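Please find one structure pasted underneath; my questions will follow.
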Amino acid sequence: MMDGFGPEEWQAVLLSLKVSIWAVALSLPLAVFIAYALARWQFRGHQLLNGLVHLPLILPPVVTGYLLLLTFGRRGAIGSWLEETFGLVLAFRWTGAVLAAAIMAFPLTVRAIRLAIEAVDPKLEEAAGTLGASRLWVFATITLPLILPGLIAGVVLGFAKAMGEFGATITFVSNIPGQTQTLPSAIYTFLQVPGGETAALRLVILSVAIAMSALVVSEILARRAARRISGG
Amino acid sequence: MSLSLEITHQMPDFSLSVSFEVPPGITALFGPSGSGKTTVINAVSGLLKPDAGRIILAGEPIFDTSLRINLPPHKRRLGYVFQDGRLFPHLNVEKNLLYGQRFAPQDESGPSLESVSELLGISSLLQRAPGGLSGGEKQRVAIGRALLSRPRMLLMDEPLAALDEPRKEEILPYLERLRDQTDIPILYVSHSVSEVARLATSVVLLDKGSVLRSGPAEQVLSDPTTVRQLGLRQAGSVLSAAITAHHADGLTELTVSGGTLFLPKMDRPVGAKTRVRILAQDIIVAGSLPRDLSALNILPAEVTTVQPGSGPGVVIQMRSGSDHLLARITRRSAEKMRLKPGAHVFAVIKAVSVARTDIGTR
């Protein structure tokens, strides 16, 4: 069944992988920072920031996509500035798909990492401080290793969400074969034409396989990290 | 190297206002729960910012509200040993021990991993994970970790409070070695009189946020006015002694400034300095030299104060040689014997009443 893939299908699969990896990799540092701020710091606008981060989870994806088009489109405030300054165009390009996927995956990643940070005893961080470690060192040598299982879970959740993102992506970057047609968009397209069910089914099975293997790999990594922490 | 501090801080129930010095040796910050001990030690470490005051470490202000100085904990270079150990669970014992070393100034000399592991008896644990250690082992590793960060001073917040008696006994000799073999001042928070009597070279007595008394341990502990804070049953004096002989019948002979004591056998060589704590309730006061008495230890003494208590008892402070002894007797006996300052008496101490835990080094 797998050898029946046409070039269009392969393109969709590879594009989805590329988009998802970039989306998670680029958003991860910010996600860790926001998660740390939400978990550890008291500041004005704490609730507001928390709400903003979770917004893509609650809004209809089409709305998120449309808002992206309004702000990051070629005539949008940020979109036109990006094009003038860096020559970077997002709307209707694969780069835009990365942005859409990153924003949709962000709440899930932040949530998983935040829970992991909240589970780290701040007293350990205090102790590291009294031993001479600055805040950044404490984070790098104590907090980060201790949240590794949660971090891995966040990355996998985010990756899975990015792989499956459809609504915001198709609204923001459309569904251009070979350029912005991701795996879900391709499945949608095949289902629109008579006789496309077989091709759609092949992609569906592949999606399931990718999702399952991501889960298994993350489970193995998280267990290994957790074993190291508990000192077994 | 020493520390001096003078801080005020508003607490939920009272306002803390303390001022004292921490000379080299172990300074015990002693007081009941809620007297502000932990607040003081956290203020020294930088984990808590007091409302006002100054803290000066080896001549350098690490906190001063008038100069707007408040060094963060990692720049104070103080080793902190917490009650709950706080070992890093993802690092093995060796990496825990070495954690602070990379942050210490390069030119700073200090003890090596080998010497600290040796001192604390943890050399065989280096490759173990903290999760598998006993409470006593964890606490020794925590002490080693603080020492190896090359601190200018050590802070210990009830490091033995979470341990049972045998584990405490396991650690006390290491703390004594630490006191005698390094020149790092140690601020030691405790609410256990026997720990303080055994370890402290100076004592700061804290109650409801203010210093009641501070000074050399022998003086503060032998002061009859501190008896109420220490608790009647815990009150007692600390004597410096030297071991002069071990006898075949299982007794060890010691010389104190006021005479000779015979105590149950001690595992220390002849010539070793030690300190002996004698509880106020274990001393009998005699008006003349008793004869035909089973007690072996009779020290001539002179009454210095008679401190009436709230109940039927009084606390008698006596000078014996250069040391002071405390005895708790009834008011009736004191009146019958006409005990008042200047009276010459004999302090009778039963050898077996001196507990092994009350015998320390130096």
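No value in this document is a laboratory result; all are computed from the given coordinates. Since this is a predicted model, take the numbers as computed values, not measurements. With ideal geometry, Cβ positions are generated from the backbone for all residues, glycine too; neighbour counts draw on all protein chains shown.
Considering amide H positions built from the backbone, and no H for Pro or chain starts, which residues 5 or more places from A:Gly73, or on another chain, come under 5 Å of its amide H?
A:Gly79
Looking at the stretch B:1-109, which GluC sites (Glu not before Pro) are DSSP coil and have at most 14 other C-beta atoms within 10 Å of their C-beta?
The qualifying sites are B:Glu108.
Continuing with the same structure: Taking N as the number of residues in the stretch A:5-127, what value does Rg over Cα atoms divided by 2.2 N^0.38 Å take?
1.27
Averaging the inverse of every distinct alpha carbon separation and then flipping it gives the Kirkwood radius. What is it for the stretch A:120-232, in angstrom units?
17.3
Next question, about the same structure. Could you pull out every residue, at least 5 positions away or on a different chain, whose amide H is within less than 5 Å of the one on B:Thr305? Hs are placed 1.01 Å off N in the peptide plane, and Pro or chain starts have none.
The list, which skips near neighbours in sequence, is B:Gln317.
In degrees, nearest 10, range 0 to 90: what is the angle between the Cα axis of helix A:94-118 and the longest Cα principal axis of chain A?
Computed tilt is about 30 degrees.
Have a look at B:Ser222, B:Ser214, B:Ser294 and tell me which one the Gaussian network model of chain B (Cα, springs below 10 Å) gives the largest fluctuation.
Between B:Ser222, B:Ser214, B:Ser294, it is B:Ser294 that shows the largest mean-square fluctuation.
Right, here's the next one. Apply the Debye scattering formula to the stretch B:152-298, with a single equal point scatterer on each alpha-carbon and no solvent, then give log10 I(q)/I(0) at q = 0.17 Å⁻¹.
-1.15
In whole angstrom, how far apart do the alpha carbon centroids of the stretch B:133-195 and the stretch B:334-348 sit?
The stretch B:133-195 and the stretch B:334-348 have Cα centres separated by 40 Å.
Which semi-axis lengths, in whole Å and largest first, follow from the square roots of five times the eigenvalues of the Cα gyration tensor of chain B?
39, 26, 16
Hey, what's the Kirkwood Rh for the stretch B:236-361 if you take every pair of different alpha carbons, in angstrom?
Result for the stretch B:236-361 stands at 14.9 Å.
OK, next. Quick one: what are the phi-derived ³J(HN,Hα) couplings along the stretch B:259-269, Karplus 6.51/-1.76/1.60 with θ = phi - 60°, whole Hz, x for glycine and proline?
Per-residue couplings from phi come out as x, 10, 10, 10, 10, x, 3, 10, 7, 10, x Hz.
Among B:Leu325, B:Gly36, B:Phe88, pick out the residue whose Cα is farthest towards the positive end of the charge dipole of the protein assembly as shown, where Lys and Arg carry +1 and Asp and Glu carry -1 on C-beta, about the Cα centre.
B:Leu325
DSSP beta bridges in the stretch B:3-221, what fraction antiparallel, as a percent rounded to 5?
If I count the DSSP bridges inside the stretch B:3-221, around 60 percent turn out antiparallel.
Compare the peptides B:139-146, B:239-246, A:188-195 by average per-residue count of other Cβ atoms within 10 angstrom and give them in order, highest first.
B:139-146, B:239-246, A:188-195
Between 0 and 90 degrees, rounded to the nearest ten: what's the tilt of helix A:197-230 against the longest Cα principal axis of chain A?
For helix A:197-230, the angle is close to 10 degrees.
Order of A:164-176, A:96-108, B:257-269 by packing, highest average Cβ count within 10 Å first?
Peptide ranking by packing, descending: A:96-108, A:164-176, B:257-269.
Using all Cα-Cα distances in the stretch A:2-230, what percent lands in each 10 angstrom bin from 0 up to the longest?
Over the stretch A:2-230, the share of Cα pairs per 10 Å bin runs 8, 27, 31, 21, 10, 2, 0 percent.
Kindly express, to the nearest 10 degrees and within the range 0 to 90, the angle between helix B:135-148's C-alpha long axis and the longest C-alpha principal axis of chain B.
The two axes meet at around 60 degrees.
To the nearest µm²/s, what D does Stokes-Einstein give for the protein assembly as shown at 25 °C and 0.890 mPa s, using the Kirkwood radius over alpha carbon pairs as Rh?
In µm²/s, the coefficient rounds to 84.
So what is the calculated 222 nm ellipticity per residue for the protein assembly as shown, using -39500 (n - 2.57) for each DSSP H run with n of 4 or more, over all residues, to the nearest 500 deg cm²/dmol?
About -13500 deg cm²/dmol.
Further question: Go through the stretch B:98-109 residue by residue and turn each phi into a ³J(HN,Hα) via Karplus (6.51, -1.76, 1.60, θ = phi - 60°); whole Hz please, and just put x for glycine and proline.
8, 3, x, 5, 5, 8, 6, x, 4, 7, 6, 8
Can you compute the radius of gyration and Dmax for the stretch A:5-45, using only the Cα atoms, both in Å?
Radius of gyration, then largest Cα-Cα span, for the stretch A:5-45: 17.2, 53 Å.
Okay, next question. Output the pairs from B:Lys168/B:Lys208; B:Lys75/B:Lys138; B:Lys75/B:Lys273; B:Lys208/B:Lys350 with a Cα-Cα distance over 32 Å in this structure; if there are none, say none.
Cα-Cα > 32 Å for B:Lys75/B:Lys273; B:Lys208/B:Lys350; rest within.
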